[in-house]
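Structure first, commentary second.
Every read-out reported here was derived from the displayed coordinates using simple, explicitly stated rules and does not represent laboratory data. In this text the structure is predicted, and so the values were computed from the model without any measurement. With ideal geometry, Cβ positions are generated from the backbone for all residues, glycine too; neighbour counts draw on all protein chains shown.
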Amino acid sequence: MKILLVYPQYPDTFWSFKHALKFISKKASFPPLGLLTVAAMLPAEWEQKLVDMNVTRLADEDIAWADYVFISAMVVQGDSVREVIGRCQRLGTRTVAGGPLFTTGYEDYDEVDHLVLGEAEVTLPRFIKHLEQGSARHIYPSRISPDIKGTPIPMWSLIDMKKYSAMNLQYSRGCPFDCEFCDIIVLNGHKPRTKDKSQVLAELDALYARGWRDGVFVVDDNFIGNKKKLKLEMLPAMIEWQKRRKYPFSLQTESSINLADDDELMRLMVEAGFNTVFIGIETPNEESLAECNKSQNQNRDLVASVKRIQNCGLEVQGGFIVGFDHDPLSIFKNQINFIQNSGIVTAMVGLLNAPTGTRLHQRLKKENRLLKNFSGNNTDGSLNFIPKMNYETLINGYRQILDTIYSPKPYYERVRSFLRE
């Protein structure tokens, strides 16, 4: 069996970092970890190739070579997905699709030959068995959140590492919180599931053995979802691993703001080599935090929490949102003031949208305010629902935030503020 794994192209958005990557002569930020992990789950005797369309061109010869084209994608890659599926159909190569885009929106992709949904540890073995028996079905659904202690090491041999700015690994899936606008709970569940420390160390070994000596992004939904296991097992093991090899990797991850409440956890993370953490701040407006059930951010001095994390040696990158029902007209000025006062240099500000399957999507549907499916791009000025605030006011205010915080003077003021902390 010949398998071509295809990762579709990102559009030109904030999140693609297309223009920034040119400064460091890289093609993409991170490799497609999901596809590389799926590749390691396929039978060893199957031939495999991987084309990441963000770093190289997908040729018709690649598609024609394959018996099956495996496609994984996020919602924002939807346009490129359509192109890939169409090319496969024209060339007569059958398609297999999975990942976030298809798991939440499989009804829109009936032309795909086989939809392997949910988490691959559950659905992929069934599909492979049926495929080898000649009885593969069209759809393989699953709502099970599997134990990930058996998940294999990604097949790094399929990519050219030099084309990426950082490698990635996953320690856990799921998040203990339940923010209304977030689809993590839909995809990965409410209870964090973790790998054993032996798995994570084996993944670090695999990257090290292939010569990687740069950044590694721990891509967890919320790295600190299980604090106890982190502090007792995982971080001490990572510290020992890094020290023994003289810290070959600088680490970054995603976390909730309650990281600021645990000095020991922050100290261990820094000692393990973490230097950056992305945190969903969302908004300084308490009513909007209550609206979206961002309980971990409520009733706290968010600027002080950010500075506490910075003081421990971690750069905080922040996610911010405007467009909540409870946002006042002053929200745009308040967001600017918060971002400047916090010293968050990389402030990712987006417009609220409602991904399919989220509680926000369900609520807006009941209120007859949904307009269309979310494009996956929260920075292009588009909304998939009718906001409470006047649309032009919201868009102009959003532009005002971006124009202000990324003008040279305010930007470098934040850099100086961060360095002072």
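Could you size up the charge dipole of the chain around its Cα centre, putting +1 on the beta carbon of Lys and Arg and -1 on that of Asp and Glu, and report it in debye to the nearest 20?
With Lys and Arg at +1 and Asp and Glu at -1, about 760 debye.
With contacts taken as Cα pairs under 8 Å at a separation of at least 6 residues, the chain carries a relative contact order of 12 percent.
Would you calculate a helix-derived [θ] at 222 nm for the chain, using -39,500 (n - 2.57) for each DSSP H run of n ≥ 4 and dividing by the full residue count, to the nearest 500?
Working: 15 runs with 150 residues, N = 421.
Taken over the chain, the calculation gives -10500 deg cm²/dmol.
In units of 2.2 N^0.38 Å, what is the alpha-carbon radius of gyration of region 336-421? Against the empirical 2.2 N^0.38 Å value, I get 1.33 for region 336-421. Judged by the mean number of other Cβ atoms found within 10 Å, the most tightly packed of the peptides 96-107, 385-396 leads the ranking 96-107, 385-396.
Among rounded, prolate and oblate, which fits region 112-178 when a ≥ b ≥ c are the square roots of the eigenvalues of its C-alpha gyration tensor, a/c under 1.5 means rounded, and a/b larger than b/c means prolate? Oblate shape, in that a/c is at least 1.5 and b/c is the bigger or equal ratio. The calculated FRET efficiency for M161 paired with K246, based on their beta-carbon distance and R0 = 22 Å, is about 0.65. Helix 408-420 sits at what angle to the longest principal axis of the chain, using alpha carbons and giving 0 to 90 degrees rounded to 10? It is inclined by approximately 90 degrees. Counting only lysines at least 8 places from K129 when in the same chain, those with an alpha carbon closer than 19 Å to its own are K2.
Between 0 and 90 degrees, the angle of helix 78-91 with respect to the longest Cα principal axis of the chain falls at about 10 degrees. Cα to Cα, under 20 Å, and not fewer than 8 places away if on the same chain: which lysines meet these conditions relative to K366? Straight-line reach from K366, under 20 Å: K388. Neighbouring Cβ atoms within 10 Å as the yardstick, rank V200, V69 fewest first. With the sparsest Cβ surroundings first, the list reads V200, V69.
For a straight C-alpha distance cut-off of 20 angstrom, the aspartates and glutamates reachable from K372 (same-chain residues fewer than eight places away being disregarded) are D79, E107, D108, D110, E180, D183, D325, D380, E392. For the chain, the longest principal axis of the Cα atoms and the long axis of helix 235-244 meet at an angle of about 80 degrees. Applying 1/(1 + (r/R0)^6) with r as the Cβ-Cβ distance of Y391 and D108 and R0 = 25 angstrom yields a FRET efficiency of 0.45. Partnerless cysteines in the chain, where a partner means another cysteine C-beta under 4.7 angstrom, comprise C88, C175, C292, C312.
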